[in-house]
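Q: Could you have a look at this structure, given as C-alpha cells, before my questions?
None of the figures in this text is laboratory data; all of them are computed from the coordinates on show. Quick caveat: nothing in here was measured; it's all calculated off a predicted structure. Ideal geometry is used to build each Cβ from the backbone, glycine not excepted, and the neighbour counts take in all protein chains shown.
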Amino acid sequence: MDPLAAIKVTFFQECEEQLAELEGGLLAMEGGDHDPEIVNAVFRAVHSIKGGAGAFSLEELVRFSHVFETALDLIRSGDIPADQETLKLLLRSADVLADHVRAARDGGSVDEGRSSAMAEALEALASGMGGGGEADTGDGFSDFVFNPVAIDLSDTAAAPDASIEDLLARVTGEVAAADADEGAEGDVTWHIRFYPQVGLYQKANESGLLLRELARLGRIDVRLDVSGLPNLQNMNPEDAYLGWSVELTGPAIEEAAVRDVFEWVDGDCYLDIVRADAASAQTLATSIDAVGEVDVMALIRAAQAAEVPGAAMVPPSSGSAPAGAPARAEPAKAKEAALDAKAQAAAREASPQTIRVDLERVDRLIDLVGELVINQAMLTQRVAECGLQRASSVAMGLDDLEQLTREIQDSVMAIRAQPVKSVFQRFPRLVREIAAMTGKEVRLIMEGEGTEVDKTVIERLSDPLTHMIRNAIDHGLETPEEREAAGKPREGVVKLAALHRSGRIVIEISDDGRGINRPRVKQIAVDKGLISPETNLSDDEIDNLIFMAGFSTAATVSDISGRGVGMDVVRRSIQSLGGRINISSRPGQGSTFTLSLPLTLAVLDGMVVTVAGQTLVAPLTAIIESLQPKAADVRNLGPNAQVIAIRDTHVPLIDIGRSLGYRTVTPPPTEGVALLVEGEGGSRAALMVDAIQGQRQVVIKSLEANYRPVPGIAAATILGDGRVALILDIDAVMVPKPHEGLGAAPASTGGGYDLSAAPTSLAKVG
Amino acid sequence: MTKTILTVDDSRTMRDMLHLALTEAGFRVVQAVDGLDGLEALDAAQADVIITDINMPRLDGFGFIEGVRKNDRHRATPILVLTTESDTTKKQRARDAGATGWIVKPFNPEKLIDAIRRVAA
C-alpha cells in the first residue's frame, strides 16, 4: 500500500481512539471529575484530530475541530467554566466531530444544519469570553509596519560629538528618501547587519547556517566583524562576540524573505535589514565602514543588561557593564527545580507498558498453540496406549506438559482478549440519540466494561447489543408521562453489564420499563401461525416466543428498530458465536436479556459421539439433554419420518448417520442415544447417535480454510488419538424447521440431503 | 554520515508522517511518544536534530525541551517544535525553553527538510 495511504488508515484508527478519549473525558467531567489532566486530555484529543486532518487536507473536519479546539482551550485555561450546560454542548459537539471523522473516512456526508448549529454554539461560547479564540496574543506589534531606514552615519567621523537627536533627525530625513526608492524593479540589494546574542547559540542556532540560508536567496558578500572579540584570557567560548555584515543581491528579493531567514532568532540578535539600490550602495558601503567603528558590541551588551527585548534596535547612549548577568542565574535554578518535580510526578503516574502487535501474528500464534494442544493430547494418548505406568517419569513428564500447555493456551488467548469497553463505548451516544428520537428520558448504566472477551467474539457482539438496546428504549421503556402515571421516575434506566461466570462471558441488558406484554405476544404468535391457539405455555415460554423467526411486534416498521430485524436475528447472531440468549421479564417492572457466550471462538465445548463408526462432535451449547429412547416413545409419521415423545411434546427424531450419508438403514432408536438439541429460533429435534464418548474441549479447525464447506458440518477438530472428528452444524442437520408441538407444521423427513459428495474420513490437512 | 532525528509526538499519525518524510530524505529516525519517553530515548538516540510536538501527555513539549537543554550532551542539539500557524505565544514559550526553531503544522516534506537544513549542516 502506498505509504501515505497506510498512514491515512492509521490516522482514522487514531481518530477513533481520540474520539473515545474525548467522550470518556467529557463524561467524567459531567460526572463531577475536576482533574485538570482530564481537561488536558480532552483538549489534546481534539487537537490531535485537527492536526492529522490538516495533514490530509480534510477541510470540513479541520474547520469543525478548530472551532471545537478553541472552545476547549478556553475551558482548559479556566477562562470558561465547565458547567453542566457547557458540558452538554461539548458532548453533542463530540458526536458531530465523530460524524465528521467518519464522513471523511468513508466519503459520506454530515448533517450540515446540525454541524453549523453546533459550530455556532461553540463560537458563541468561545467569544463570550471577550475576544477569545486563538488570538495572536503576542507582542501587539503586529499592526506596526517597520520601514527599513538607511542610516547614513558617514558624517559621524567628522562630527564625533553629534548628539543622538541630530542623528535621528537625519535618519528621519532619510526615511522620505528611502520611501521614494520603493517599487524599484530588477536586482535588489539588501544590507544586513547581523550580530547574534548568546541566546541564539544557546538555542542551538548557528550563524553559519543562517548565512547559508541567506545565500540561497541571492548572491552574498559577507564581512565578518571581529571587533568585539576580547583577548583569549577574557574570552568565554560560549559567548557571542562576532557579527556579520552581508550584502545580498538578487532579482526581486522581498524583505519578508530576508526576515524569514532570521525568524527563529528574532530577539536573540541585533538585526538590521536595509534595502539599497545601486546608487546609494556606494554611500552605504562607506557608512557601514564608519559604523564599524561604533562599538556595536557594547551597545548590545548594554541592551542585554537592561533586559529590554528589542532594545538592541535602539542605540543606547552608552555602554554599561552587564550587571544583569548574575540576576539571570536565580530564575534558571528555580525553573530547574520545578521541572524535576514535574518530571517525577509524571513518571509516577506512568501508564503500564504496551506494545502494538499485528493481529495476524497473534492469530498465527493462537493457531500454533492450538496445534500444540492437539499434539500434546495425542502424545498423552499414545503414551497411555503403550501401557506405561501412570507413575512413570514419562507419564509424569507428560502431566507437566499438559499443565504447561494449558497455561500457554490461556495466556495466548488472553492476548487477544479485549475489554468489552471497546464495544460498550459507542452506546452512550447511541442511547442519547435514541432517547432524543423517541422523546424518552434514559439513563444508561454500564458495568464491567473491563471484562475481557476474545477479539473474535467482541466484534460480532456489537450489532446484537445495539439492536437490544434500541429495543429496550423504543419498546421497553415507557414515555416520561406514562412512567410518572405509573409512579416511576420519569427517567428510565437501561443497564448493560458484563461479567465472567463459570468459564463463560455473561452480558445482561436490562431495563426498568413495561416488561413483555404477554397476552399480546401470545396473540401475535398465534396470528402468525407460529403456535397453535390451544398450546399451553408458561410465562417464560411466552417471553421466549419473541425469538422465533418471523416474529415482530412492530406494527409499523419503526425507524429505530430497523426493517424487520427481529429478536430472531439477534438470537441467531448469538448462537453463531456459540452462545445462548434468554429473557426474563416482570410486567410493569422491566425485562432482562441475558447473553451467555464462550470465552473464545477458537475452542469449543463438545460432546464426542460415534455414528456409524464415525466420530463426530456436537457443540455442547446446543445440547439440552441426552436420553435413551424407549420403544413406546417413538412414533412413525411416515416412511422416513419418526418423532419421539419427550415429556409433553413430540420432536422429530433424526438419524444423523443417514443425514450425513454414512448409512442408508436406520438402526432401531432403542439401541442408540438421542440428543435433544435446540437450534435457531428455539426449534428442537432429537439427534440419534450410536454412543456417547464423552465431553471434551476441542480446538476448532476450519474446514473451509483447509478443504471446502461441507453441508451439515461446521468445522473439524483433531482428537487425542490423532483422528479427525467433524463438528456438527446442528441447525443444518435438523433439516426443515419443525415447530414446537404438533402445530400446523409439516413433519420432518429425518434424512434428507445428498451428502454423497461428503468425505467419510478426512486425512489431516494443513 | 547519516543524520539521526529524534521525533517526539503522541500522535501516531504525526510520527508516521514525519518518519516517512524524513526517511525518504535520507535521515535515520528514532521515535518517542511523549516528553518523558523522549528524555529517556535521548542518550541512546544520539540525535543530530530533535523534532517535538508541544501538546503531549505526561510531559509536554516545553518540559521536554527544558529537559534536553539540561542534558550536557544536548545543550547544542537543534530542537524544532511542531506548532500551529498563528500561535505566537507558544513559539515564544518554546524558544524561552530553549527551542531552536519551529515547523508549522500541517507541514509539507520540503518545508520540513528546509527547516532541518537550517539547523544542521
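Q: If you take each beta carbon of peptide B:104-112 and count the beta carbons of other chains within 10 angstrom, what is the mean?
A: Taking the mean over all residues of the peptide, I get 2.
Q: While we're on this one: Looking at the square roots a ≥ b ≥ c of the eigenvalues of the Cα gyration tensor of region B:4-119, which shape do they give, rounded for a/c under 1.5, prolate if a/b is larger than b/c, or oblate? Write out the running numbers ahead of the final one.
A: Working: a/c = 1.30, a/b = 1.08, b/c = 1.20.
Note, shape of region B:4-119 comes out rounded.
Q: Answer rounded, prolate or oblate for region A:200-241, using the Cα gyration tensor with square roots of eigenvalues a ≥ b ≥ c: rounded when a/c is under 1.5, else prolate when a/b is larger than b/c, else oblate.
A: Taking the square roots of the gyration eigenvalues as a ≥ b ≥ c, region A:200-241 is oblate.
Q: Towards the positive end of the charge dipole of chain B, with charges on Cβ (+1 Lys, Arg; -1 Asp, Glu), say which of B:6, B:88, B:63 has the farthest Cα.
A: B:88
Q: Between residue A:645 and residue A:723, what FRET efficiency comes out of the Förster formula 1/(1 + (r/R0)^6) with R0 = 35 Å and r the beta carbon distance, rounded to 0.05?
A: Plugging the Cβ-Cβ distance into 1/(1 + (r/R0)^6) gives 0.50.
Q: I'd like to know which of A:698, A:641, A:666 lies farthest towards the positive end of the charge dipole of region A:603-733, counting +1 on Cβ of Lys and Arg and -1 on Cβ of Asp and Glu.
A: The listed residue farthest towards the positive side: A:666.
Q: Moving on. Cβ neighbours within 10 Å, averaged per peptide: list A:589-595, A:411-417, A:488-494 in order, most packed at the top.
A: Listed from highest to lowest mean packing, they are A:589-595, A:488-494, A:411-417.
Q: Related question: Once you place label points 7 Å from the Cα toward the Cβ at residue A:233 and residue A:255, how far apart are they in nm?
A: The modelled label-to-label distance comes out at 4.6 nm.
Q: Can you tell me the length gained on complete extension of the stretch residue A:120 to residue A:539, counting 0.36 nm per residue apart and subtracting the Cα distance? Display every interim value, and only then the final one.
A: Values: separation 419, 0.36 × 419 = 150.84 nm, distance 5.33 nm.
Stretched fully, the residue A:120-residue A:539 segment lengthens by 145.5 nm.
Q: To continue, here is another question. So if each residue of separation counts as 0.36 nm, and I subtract the Cα-Cα distance between residue A:13 and residue A:399, what length gain in nm does that give?
A: Stretched out fully, the residue A:13 to residue A:399 stretch lengthens by 134.5 nm.
Q: When Cβ neighbours within 10 Å are restricted to other protein chains, what is their mean count per residue of peptide A:265-273? Let's see the in-between values first.
A: Values: counts 3, 3, 3, 1, 0, 0, 0, 0, 0.
The per-residue average across the peptide is 1.
Q: Okay, moving on. With r as the distance between the Cβ atoms of residue A:2 and residue A:518 and R0 = 41 Å, compute the FRET efficiency 1/(1 + (r/R0)^6) and round to 0.05.
A: That gives a FRET efficiency of 0.10.
Q: Tell me the label-point distance for the pair residue A:631, residue B:110, using the 7 Å Cα-to-Cβ offset, in nm and rounded to one decimal.
A: 9.6 nm
Q: For residue A:589 and residue A:223 in the same chain, what is the full-extension length gain: residue separation times 0.36 nm, less their Cα-Cα distance, in nm?
A: 122.7 nm
Q: Sequence gap at least 6, Cα distance under 8 Å: using those rules, report the relative contact order of chain B to the nearest whole percent.
A: Relative contact order of chain B: 23 percent.
Q: Next question, about the same structure. Rank B:100, B:77, B:88 by mean-square fluctuation in a GNM of chain B with C-alpha springs under 10 angstrom and give only the top-ranked residue.
A: Comparing B:100, B:77, B:88 in a Gaussian network model of chain B, the most mobile one is B:88.
Q: Within 10 Å, count the other beta carbons around each residue, average over each peptide in A:661-674, A:460-473, and list them highest first.
A: Numbers: A:661-674: 15.4, A:460-473: 21.3.
The peptides rank, most packed first, as A:460-473, A:661-674.
Q: Right, another one. Given +1 on the Cβ of Lys and Arg, -1 on the Cβ of Asp and Glu, and no further charges, what dipole in debye does region B:4-119 carry about its Cα centre, rounded to the nearest 20?
A: My answer is approximately 320 debye.
Q: Which of the three applies to region A:603-733, rounded, prolate or oblate, going by the alpha-carbon gyration tensor with a ≥ b ≥ c and a/c under 1.5 meaning rounded?
A: Taking the square roots of the gyration eigenvalues as a ≥ b ≥ c, region A:603-733 is prolate.
Q: Let me ask another. Using R₀ = 25 Å, calculate the FRET efficiency as 1/(1 + (r/R₀)^6) where r is the Cβ-Cβ separation of residue A:532 and residue A:582; round to 0.05.
A: 0.55
Q: Which of the peptides A:506-512, A:76-82 is most tightly packed, and how do the rest follow, going by the mean number of other Cβ atoms within 10 Å of each residue?
A: By packing density, highest mean first, the sequence is A:506-512, A:76-82.
Q: Let me ask something else. Points 7 angstrom from Cα along the Cβ direction at residue A:30 and residue A:485: gap in nanometres?
A: Here the answer is 2.9 nm between the modelled labels.
Q: Related question: Evaluate the charge dipole of region A:419-598 about its Cα centre and quote only its size in Debye, nearest 20, assuming +1 on the Cβ of each Lys and Arg and -1 on the Cβ of each Asp and Glu.
A: Magnitude of the dipole: close to 300 debye.
Q: Sticking with this structure for a sec: How many Cβ atoms of partner chains, on average, are near each residue of B:3-14 if near means within 10 Å of its Cβ?
A: Details: counts 0, 0, 0, 0, 0, 0, 2, 4, 11, 9, 17, 7.
Average neighbour count from other chains, rounded to a whole number: 4.
Q: Which residues in region A:104-127 have a backbone N closer than 17 Å to a point placed 7 Å from the Cα of residue A:462 along the Cα-to-Cβ line?
A: A:104-108
Q: Same structure, new question: Enumerate the calculated ³J(HN,Hα) couplings along region A:5-22 in order (Karplus 6.51 cos²θ - 1.76 cosθ + 1.60, θ = phi - 60°), each rounded to whole Hz, writing x wherever the residue is Gly or Pro.
A: 5, 5, 5, 5, 4, 4, 4, 5, 5, 5, 4, 4, 5, 5, 4, 5, 4, 4
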